[in-house]
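Encoded as structure tokens, the structure appears first; notes follow it.
Bear in mind that the values in this text are calculations on the coordinates, not laboratory data. Because the structure is predicted, anything quoted here is derived from the model rather than measured. Because the Cβ atoms are built from the backbone with ideal geometry, glycine has one as well, and the counts that use them run over all protein chains shown.
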Amino acid sequence: MKDHKEYIYEQLQNDEFAIEYLRESLKDDDICVFLLALDDFTKARNIGKTALAKQTGLSREPLYKALSDKGNPQFTTVRQILKALGFQLSVEHDVA
């Protein structure tokens, strides 16, 4: 039997699932939920912190901190990480 993380990592191989996973994590009032979801994505896709550091221009230590449950990264750091992972931020009108 697979554990929860293993199942999520397997599902994160699917681009549509990954996008929805990240979107859903943004609905929580705690930004740490989104940061941990982003970390799940990097682990599931085997994107190491060293490679991500090169792509973002950041050092590994700030990346580890930013993608942790204690992370409180600057907006520019989150944007750099998302860009390196092939994502971009967007704003949508909430019709609810």
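Of the peptides 5-18, 55-68, the ranking by mean beta-carbon count within 10 Å, highest at the top, reads 55-68, 5-18.
Over the residues of the chain, the helix contribution to mean residue ellipticity at 222 nm works out to -18000 deg cm²/dmol, using -39500 (n - 2.57) for each DSSP H run of at least 4. Here region 43-80 is scanned for amide nitrogen atoms under 12 Å from the site 7 Å beyond the Cα of LYS5 along Cα-to-Cβ, giving 43-44.
As a proxy for reagent exposure, LYS54, LYS43, LYS70 were ordered by neighbouring Cβ count within 10 angstrom, fewest first; the result is LYS70, LYS54, LYS43.
Take every pair of alpha-carbon atoms less than 8 Å apart whose residues are at least six positions apart; their mean separation over the length of the chain yields a relative contact order of 22 percent. Applying 0.36 nm per residue to the separation of VAL33 and SER68 and subtracting their alpha-carbon distance, the gain on full extension is 11.7 nm. Among VAL78, VAL91, VAL33, a tally of other beta-carbon atoms within 10 Å of each Cβ gives an order, fewest to most, of VAL91, VAL33, VAL78.
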